[in-house]
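Here the structure comes first, spelled out in structure tokens, and everything after it is commentary.
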Amino acid sequence: MSKLSFNQGSPQFIPLSTYQSYPETEMLERAQSFYQDMKRRKTIREFSNRPVPRAVIETCLLTAGTAPSGANHQPWHFAVVTDTALKHKIRVEAEIEEREFYERRAPQEWKDALAPLGTDADKPFLETAPYLIAIFGQKATMMDDGSAVKNYYVPESVSIATGFLISALHHAGLATLTHTPSPMGFLNQLLQRPDNEKPYILLVVGYPAEDCMVPNIQKKPLDQIASFF
Ligand code: IYR
């Protein structure tokens, strides 16, 4: 593929045939029922080892791939890990960073902020959960001919795609943890991703453990997260 063949050339438009409108009452019902469903989503840290069908993961990744992105460059890569030995290596590397974080790097203020979540440096879920999805952002897209096409708004694009992915997985009946070992450059090495890619999030995916507990934390009400003008 040449440099120009990526989203190339003058615009070509097609009719918007996929848009669906709803009567206002139905719109509100849909908005409310989606909110109720999304509100049930909780980040979990206790996973079951029950296997998850790969087709579900693949379909949710396709959903993530529908996210909007800067210049439609889709500057993301999802490295999906199920291999036991690889999960073990990821856990070992993540726990090295996490131990450093909790014992030395993190300022007290940060540790205080995390206290209600009950997190610590032990990350057994990195081996228990059936799927780990390492989400990379691509500073540039490498073309087949070896040239590089610069990408735009990479963190924004990757974050939106990750939101789609978390929502899709939740919708399918799976639970997630947006894990952020820091730094997580070890993921490039373990998952053979090139230097132009930066790992953003290690998404842990699976079913909750039988006796899964979650922190009793609340989301802010509308008047604290939005203003209308
Ligand atoms: N990466 C660490 C610390 C951590 C940081 C934030 I900000 C969180 O919301 C949760 C955890 C860990 O995963 O434990």
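The values are calculated or read from the model by the stated rules, or taken from the named source; none is laboratory data. Small disclaimer: the values here were computed from a predicted structure and weren't measured. A quick note on method: Cβ atoms are made from the backbone with ideal geometry, for glycine too, and the neighbour counts reach across all protein chains shown. SASA here: full protein model, heavy atoms, side chains in, ligands and nucleic acids out. Shrake-Rupley method; radii C 1.70, N 1.55, O 1.52, S 1.80 Å.
Entry for the chain at q = 0.10, 0.14, 0.17 Å⁻¹: log10 I(q)/I(0) = -0.57, -1.07, -1.40, Debye formula applied to identical alpha-carbon scatterers, no solvent contribution. Across 44, 135, 14, mean-square fluctuation computed from a Gaussian network of the chain (C-alpha pairs under 10 Å connected) peaks at 14.
The lysines within cross-link reach of residue 39, meaning a Cα-to-Cα straight distance under 17 Å and a gap of 8 or more places when in the same chain, are 219, 220.
Of 145, 122, 195, the residue with the greatest mean-square motion in the GNM of the chain, using alpha carbon springs below 10 Å, is 145.
For the residues 191, 16, 62, a GNM of the chain with alpha-carbon springs under 10 Å puts the largest fluctuation on 16. Of the whole protein surface, residue 117 contributes about 60 Å² of accessible area at a 1.4 Å probe radius.
Of the peptides 204-210, 52-58, the order by per-residue mean of other Cβ atoms within 10 Å, starting with the highest, comes out as 204-210, 52-58.
Here the scattering of the range 32-91 is modelled by Debye summation over its C-alpha atoms, one equal scatterer each and no solvent; at q = 0.19, 0.23 Å⁻¹ the log10 of I(q)/I(0) is -1.09, -1.19. Residue 130 sits among other residues whose Cβ lies under 10 Å from its own Cβ, and their net charge, with Lys and Arg +1 and Asp and Glu -1, is +3. Placing 30, 91, 40 in order of accessible area, with the largest value first and a 1.4 Å probe, yields 40, 30, 91.
Which whole-number value in Å² is the accessible area per residue of the chain, probe 1.4 Å?
Value returned for the chain: 64 Å² of accessible area per residue.
The value of relative contact order for the chain, using C-alpha pairs under 8 Å at least six residues apart, is 32 percent.
Separation of the range 55-94 from the range 156-197 is 6 Å, based on Cα centroids.
Over the chain, dividing the summed -39,500 (n - 2.57) contributions of all DSSP H runs of at least 4 residues by the number of residues returns a 222 nm mean residue ellipticity of -10500 deg cm²/dmol.
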